[in-house]
1. Could you line up B:H93, B:H133 from fewest to most neighbouring Cβ atoms inside 10 Å?
2. Of the options B:L109, B:S48, B:L12, report the single residue whose Cα projects farthest towards the positive end of the charge dipole of chain B (beta-carbon charges: Lys, Arg +1; Asp, Glu -1).
3. With a 10 Å cut-off between alpha carbons and a GNM built on chain B, which of B:R207, B:R188, B:R17 moves the most?
4. Give, as a single signed number, the net charge of other residues whose beta carbon lies under 12 Å from the beta carbon of A:H182, with Lys and Arg counted +1 and Asp and Glu -1.
5. In the protein assembly as shown, what percentage of the DSSP-assigned beta bridges are antiparallel, given to the nearest 5?
6. Pull out a ≥ b ≥ c, the square roots of the eigenvalues of the alpha-carbon gyration tensor of the range A:1-148, then state rounded if a/c is under 1.5, prolate if not and a/b is larger than b/c, and oblate in the remaining case.
7. If you take the Cα Rg of the range B:45-136 and divide it by 2.2 N^0.38 Å, with N the number of residues, what do you get?
8. In peptide A:84-95, what is the residue-averaged number of other protein chain Cβ atoms found within 10 Å of each Cβ?
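The numbers here are math on the coordinates, done by the rules we state, and not lab data. Every value quoted in this text rests on a predicted model; they were computed, and no experiment measured them. All Cβ positions, glycine included, derive from the backbone under ideal geometry; neighbour counts span all protein chains shown.
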Amino acid sequence: MIQVEGLTKYYGERAAIRDLSFTIEKGEVIGFLGLNGAGKSTTLKVLGCVLLPTSGKVLIDGYDVAKDPHEIRKRIGFLPDAPPLYDEMTVEGYLRFVAELRGVTTADVPARVADVMKKTSITDRKDDVIGSLSHGYRQRVGVAQAMVHNPRLLILDEPTGGLDPVQIVEMRELIRALKGEHTVLVSSHILSEISQICDRYLVIQQGEIIARGTEEDLSKLLGGAGVVEIDIKGPAQVAVEALKKVPGVKDVTVARLDDRLASLRVDTAEDVRGELVRALVQADIWVLRIDRGATRLENIFLKLTHGKEAA
Amino acid sequence: MRNVLLIARRELASYLRTMSGYVIIAVMLFIDGLLFNAFAVPGTAKKSSEVLADFFTMTSGITMVGAVFLSMRLIAEERQTGTISLLYSSPLHDVEIVLGKFFAALGFLFVFFASTLYMPALVAAYGKISLGHVFAGYLGLTLVGAASLAIGAFGSSLTKSQVVAAVLSGVMCLALTTCWLLTKVTDRPLTEIVTQLAWWSHFDAFRTGLVHVKHVTYFGLVTFLALFAATRVLEARRWR
């Protein structure tokens, strides 16, 4: 579906991205991770045919971005980091305009517009002027415009940016629903926001890909299945002793101690959550909560990016 | 062609829905009416055709200034708000974007022209004028408007800021207005070229009711070159 080889983009003297290569298969949801300024948006703009690459080859569906951008533009939907909205238009009017612009036949436009408005839950605001919408709704209209012509590839640059927690969950549901039907490339710098919706991740730092693979692959890359957080009630020392005996546990630390309640962080080589609970229960400790550290991917990412900087 | 119409329709609707367009046209009409009253309408006896010619002279200047303000947003605003990404990522040719925007602005300028018709009508009511003169004059105004809007579109493609765009286009229009001053320091054949570059020497025939192909060609050429330049700038933006 997407084939990128040696992609390089210079802004004047400065290289925003350097020699990027990756491939994306049809129907995949790919997470594009990086800090601000790492080169995410530039890469996505090249894939979205907004910018032309300085060098390198980008093939989408077999078409080259430099030679046949028109063919590619018919097949992609692009949401830039700031949704490209005309404030004076109504939501429906705007989506009709975009649909026609992207080549939807006049007869199909009403059905397509109604469909994407339903999918993005903006039907109730269809007659509102875009300038009067809240940030969350603007972002949804932005996603709606990207998919109004039913493109094969959706490129979403920070779709969760600036949304509140409830809206982030809704946006994730929306992207998850797109899976299979579309190939989706979604970027973010806040990893927990896209950590459960992507098949694979590309981590980009200073214009170069520093890691790639599934969440599992990335954690293996750093040697370990990650951290498990456990909240317990009972003597913390007994719990630590019990947990350390479980095979696969590398280290146990007490993160927080409060009278008889404690939070433990357990470093494990593999997923042994079941064994951990059994060990605690057998030691007569109450397990109040167990979780694969909510910020797990975040930790991986921090290690990766900081490791790179240190090197 | 479909894409040009699509862009033009949206752009024109945007002019009609927002205040700025109306404000610019209202100011243009106000100044035009004021000048018409002060200078074209005579204290002394004057031929109707002379009054009409004076009206066209004033209106042409106002058209040029107004066109600069009407066109400053065309591309600069898209870049400022980021909506240019939408156009860039859609299956459009850059020339279609430029043409669509240009025609929309020209369409809106016709609202201004239509609103000035009362002045020739007043002249006709109190004197005698030929329809041909009115037609030639408005054709001239349309050509001046088209050339200025095209220059405005080019200025607007160069920057994100509408103010800077207006200044750039204004300077280009001013250069086309005052370049005859160079004749004082140039020799033939340069003198001839510089004289022919000034737009008002070509507008002079229209205001008196004459339509010459060479003058139409001049305005057509300026319009074409400016729109071509705007298109190339838009294309070049993809590289940076």
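1. Taking fewest neighbouring Cβ atoms as first place, the list is B:H93, B:H133.
2. Farthest towards the positive end: B:L12.
3. Sorting by GNM fluctuation, first place goes to B:R188.
4. After counting each charged neighbour, the total is +4.
5. Working: 41 of 60 bridges.
Approximately 70 percent, going by the DSSP bridge assignments.
6. Prolate.
7. This ratio for the range B:45-136 stands at 1.53.
8. Rounded to a whole number, the mean comes out at 4.
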